[in-house]
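The block underneath contains the structure these notes are about, expressed in structure tokens.
The values are calculated or read from the model by the stated rules, or taken from the named source; none is laboratory data. Here the structure is a predicted model, which is why all the values come from computation and not from measurement. Every residue, glycine among them, receives a Cβ derived from its backbone with ideal geometry; neighbour counts consider all protein chains shown.
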Amino acid sequence: MSDAAPFDGPARGGSWKLRGLLLAMVVVVTALTLWRWIATTRLPESVVAGGPPTHVRLVPGRIPGSFELLWTTAEERPDQKVWLKSSPDGPGFVVEGVEQKPFPDPAGSGLVAWRSRVVFPPDDPDSWWFEGEDDHWLEIVWGAVQSRAYRFRTFPSLGEPVTLLAGGDSLDELGPRRRMNDFIREQVEADPAILAFLHGGDFVRHGERLDEWLDWLEDWDRTTTTDGRLLPIVPARGNHEATGPLFDFVFGRPGTTAGAWYERSIGPSLSVVTLDSNRPVQGEQLDWLRATLEASRARRWTIVQYHFELWPAIRPRQERAPDWIQAFEEFGVDLAIECNGHCVKRTVPILRGERDPEGLVYIGEGGLGAKQRTPEPERWWLQAPGFAANAAHVWKLRFAAESVDLEVLSPDSGLESTAARGSAPRRP
Ligand SMILES: [Fe+2]
């Protein structure tokens with residue numbers, strides 16, 4: 001016994017230490033799991049029970065000149081109304097017919113939030129307040145709860161120049177995404193002529209996760225200017241939100257039940273055609289594309305946006321959608337905007353697979369927060385005035401009578417000034 005004691009003693013002590021260590025590990029792992037669960041499944045800061053509506057956003061509507069207005073609340077709110085006004089303190093009228101539904105939660109985050117949606121003007125685009133390229137104000141009211149005063153600009157009714165921003169790939173890196181959204185807001189504050197934002201997809205990493213979409217909406221609020229100006233958004237589906245109901249729910253289903261392809265007019269001179277690169281390029285989508293491009297021949301400008309890259313700066317080139325390219329060329333599309341690569345690029349004009357001054361310029365690849373990758377600028381389609389670089393960025397596009405001005409704006413230094421600006425002639 002006495003002989004065994006020195007031996008047993010330390011062994012018992014070691015056993016307790018081991019148990020203590022195991023217990024500490026269990027506590028740490030449980031705490032970490034709990035923290036991760038709480039951190040990833042809480043509602044964003046602005047979604048507060050009884051608080052003002054948040055995530056207020058505009059999506060151009062199906063009737064040219066109309067808008068869908070959408071917002072988020074923590075609870076169901078019957079009888080919400082929208083006040084539309086021609087000036088902050090001026091006369092206005094009430095838009096009724098607000099539809100409210102709970103967000104779908106396909107991945108089971110356990111979060112509960114509600115989306116409200118109303119279309120205006122409800123059926124008459126020629127309502128008095130609607131005429132001209134003017135500022136308008138709106139407020140959302142629910143009993144004593146009232147939103148801040150938002151403002152927005154209607155699209156031009158004549159053939160005035162149109163200025164847009166375009167970009168994509170806002171997934172994963174929340175800090176960089178917020179920085180880019182702040183940067184976008186600064187552009188809109190500096191140039192109120194900017195009428196809308198074209199987002200080429202990959203909003204979030206997991207398109208079926210409600211918590212990620214609510215975070216995206218929370219971050220998109222940062223694009224609203226300090227004086228409340230909303231930047232209407234024209235969204236394309238990326239591969240990260242290829243499936244699930246949340247893309248359509250967040251943006252009011254801009255496309256069809258078969259896929260997120262649709263056309264929107266930004267005034268009478270510009271048609272924006274959005275395609276869904278997650279769906280078959282042929283068949284129904286191709287038939288629609290050809291008919292839409294045929295109808296848009298009357299417009300001064302027709303541009304297309306879609307997610308995957310047809311003339312990539314990073315990935316190897318594949319013959320992904322020759323029928324789309326053929327349609328773009330046949331019907332004289334003026335500019336193509338792509339995403340997905342996580343870099344910034346502009347091609348030379350391309351026609352029938354070759355450089356041609358009469359060809360179509362492809363820009364984009366996405367830099368709204370996604371980590372930037374290194375492109376291969378030696379590819380023939382990226383030679384000057386084309387380029388490829390590695391930079392968070394947004395495109396500023398100005399469509400005038402005879403040319404479109406393409407400018408890359410980046411909060412990062414390193415983009416050469418020669419690469420940052422250029423003009424594409426109107427195609428025949
Ligand atoms: Fe992508």
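Quick notes
- Only one of Glu365, Glu378 that is under 28 Å from Leu195 (Cα atoms) and either among the acidic types (Asp, Glu) or within 16 Å of the ligand (Cβ to nearest atom) (or both): Glu365
- Hey, Leu195 part of a loop (DSSP other than H, G, I, E, B), more than 16 Å from the ligand (Cβ to nearest atom), among the aliphatic types (A, V, I, L, M) and touching a residue at least 12 places away in the same chain (Cβ under 8 Å) or not: no
- Hey, Ser413 modelled with pLDDT under 95, of a type in the set (Ser, Thr, Tyr) and part of a loop (DSSP other than H, G, I, E, B) or not: yes
- Residue in region 347-354 that is within 16 Å of the ligand (Cβ to nearest atom) and crowded, with 24+ Cβ neighbours inside 10 Å present: no
Here's the yes/no breakdown for (1) at pLDDT below 90; (2) not hydrophobic (A, V, I, L, M, F, W, C):
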| residue | (1), (2) |
| --- | --- |
| Ala4 | yes, no |
| Met25 | yes, no |
| Ala39 | yes, no |
| Gly50 | no, yes |
| Gly65 | yes, yes |
| Leu70 | no, no |
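- Residue ID - surrounded by the most Cβ atoms within 10 Å (Cβ to Cβ), chosen from residues in region 64-92 that are out of contact with any Ser or Thr (no Cβ under 8 Å at 6 or more places or on another chain) and among the aromatic types (Phe, Trp, Tyr): Phe67
- Residue that is nearest to His55 (Cα to Cα) [pool: residues in region 228-241 that are within 16 Å of the ligand (Cβ to nearest atom) and buried (at least 19 other Cβ atoms within 10 Å of the Cβ)]: Pro235
- Condition met for Arg346 (within 22 Å of Glu294 (Cβ to Cβ) and of a type in the set (Lys, Arg)): no
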